[in-house]
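First up is the structure itself, then whatever we jot down about it.
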Amino acid sequence: MDVQAGISRLAMRAVVLTGAVALVAVAAQGQSPQTLIQVVVDTERAANQNDHTNWVYLDEDREAKTHVVEWVAATQEGDLKRVLVKDEHKVAEAQQREGVDHFLHDEHARKKQMEENKHDGQQVDDLLKLLPAAFVWTQTGATDNSAILHFEPEPGFHPPTREARVFSAMAGDVEVDLQAHRIRSMRGHLMHDVAFGGGLLGRLKEGSSFALEQAPVGGGVWELTGLHVHLQGNALLFKSISLEQDEMRSRYAAEPPTLKLEQAVGVVMSQPEELPGG
């Protein structure tokens with residue numbers, strides 16, 4: 001019954017989001033790139049704030065010194081992870097289960113993860129809000145279903161935070177889905193060095209770059225499918241993002257909105273032991 005309820009809620013959410021997107025699409029027709037990006041930001045923020053869905057997906061994450069492949073069951077109580085491969089070595093099934101059980105019973109680890117996720121979610125929202133104000137936007141390309149918008153720093157913008165200083169010093173391109181008014185991809189690079197405290201508190205160098213991709217995964221929901229961060233320097237921004245990171249997410253499958261962390265154990269342990277592309 002939980003599964004049926006979950007599917008019904010996803011279907012209802014899809015209907016509601018489709019209606020909202022239709023209204024936004026009418027409002028955005030014929031508007032400037034600056035106005036279009038505002039519509040996209042409003043849609044992204046509303047979707048993030050109203051998304052209470054749960055998903056299981058395969059995650060491959062490469063950082064400067066680590067490589068992890070794992071199944072992740074994302075719930076409202078935290079993300080349960082079953083590690084398949086760590087640093088090019090396959091993890092034995094007993095160790096996979098041990099890691100899952102350890103997180104399930106480690107209150108401190110669960111609390112830390114939830115705090116980091118909340119922190120990063122708030123930063124994403126803060127940076128989304130900056131997009132219309134921090135940049136000058138021009139349209140450089142289009143297809144029947146998408147538009148390519150180029151962004152450059154707005155000379156008169158005064159960034160309110162350290163993260164905003166880095167973000168607003170970038171130039172790049174955003175591909176926008178014109179039906180859903182969601183960001184398909186975004187790529188940016190630093191136009192110049194950004195120093196904190198005269199360089200004593202950190203510095204990110206010109207040419208540092210980031211890119212992300214997201215796609216619809218079902219029920220009107222869009223999820224992250226790729227994140228690529230290559231920041232040259234020593235300033236920590238997001239708590240759960242490395243300065244050097246390439247992450248790919250795939251094989252999304254919906255789980256009931258009522259999924260509890262204890263139930264997620266069965267979800268991740270029932271997924272196949274196979275590598276991306278396998």
Give just the number: which of (1) under 24 Å from residue 79 (Cβ atoms); (2) modelled with pLDDT of 95 or more; (3) surrounded by fewer than 17 Cβ atoms within 10 Å (Cβ to Cβ) does residue 189 not satisfy?
(1)
Here is a check on your reading of the model: is residue 77 touching a helix residue (DSSP H, G or I) at 6+ places or on another chain (Cβ under 6 Å) and at pLDDT below 95?
yes
I'd like the full set of residues that are in contact with a strand residue (DSSP E or B) (Cβ under 7 Å, 6 or more places away or on another chain) and over 11 Å from residue 54 (Cβ atoms), limited to the range 73-89.
81, 82, 83, 84, 85, 86, 87, 88
State which residue pairs qualify: first residue at positive phi and inside the range 243-270, second residue in a strand (DSSP E or B) and aliphatic (A, V, I, L, M) in any location, beta carbons under 6 Å apart, and separation of 6 or more residues or different chains.
251/58
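Restricting attention to the range 112-122, which residues are among the polar types (S, T, N, Q) and surrounded by 14 or more Cβ atoms within 10 Å (Cβ to Cβ)?
113, 117
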Criterion first (closer than 24 Å to residue 189 by Cβ, among the hydrophobic types (A, V, I, L, M, F, W, C) and part of a helix (DSSP H, G or I)) does residue 124 satisfy it?
yes
Give the residues of the range 31-58 that are surrounded by 15 or more Cβ atoms within 10 Å (Cβ to Cβ), more than 14 Å from the chain's Cα centre (by Cα) and hydroxyl-bearing (Ser, Thr, Tyr), sorted by residue number.
43, 53
Kindly list the number of the only condition in (1) without any contact (Cβ under 8 Å) to a residue 40 or more places away in the chain; (2) surrounded by fewer than 16 Cβ atoms within 10 Å (Cβ to Cβ); (3) assigned to a strand (DSSP E or B); (4) not β-branched (Val, Ile, Thr) that fails for residue 156.
(3)
Residue in the range 173-192 that is free of Cβ contacts under 8 Å to residues at least 40 places away in the same chain and either on the phi > 0 side of the Ramachandran plot or outside any strand (DSSP E or B) (or both) present:
yes
Scanning for something surrounded by 12 or more Cβ atoms within 10 Å (Cβ to Cβ), in contact (Cβ under 8 Å) with a residue 40 or more places away in the chain and more than 30 Å from residue 42 (Cα to Cα), does the range 123-138 turn up at least one residue?
no
The one condition residue 183 fails out of (1) farther than 15 Å from residue 137 by Cβ; (2) among the β-branched types (Val, Ile, Thr); (3) surrounded by 15 or more Cβ atoms within 10 Å (Cβ to Cβ) is (1)
Based on what the data block shows, is residue 84 closer than 30 Å to residue 151 by Cα and at pLDDT 95 or above?
no
Conditions (1) touching a residue at least 60 places away in the same chain (Cβ under 8 Å); (2) polar (S, T, N, Q); (3) touching a Phe, Trp or Tyr at 6+ places or on another chain (Cβ under 6 Å); number of the one not met by residue 168
(1)
Inspect all residues belonging to the range 122-139 and state whether any of them is under 30 Å from residue 267 (Cα atoms) and out of contact with any helix residue (DSSP H, G or I) (no Cβ under 9 Å at 6 or more places or on another chain).
yes
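The values are calculated or read from the model by the stated rules, or taken from the named source; none is laboratory data. Not measured: the values here are computed from a predicted model. Positions of Cβ are backbone-derived with ideal geometry, glycine not excepted, and every protein chain shown enters the neighbour counts.
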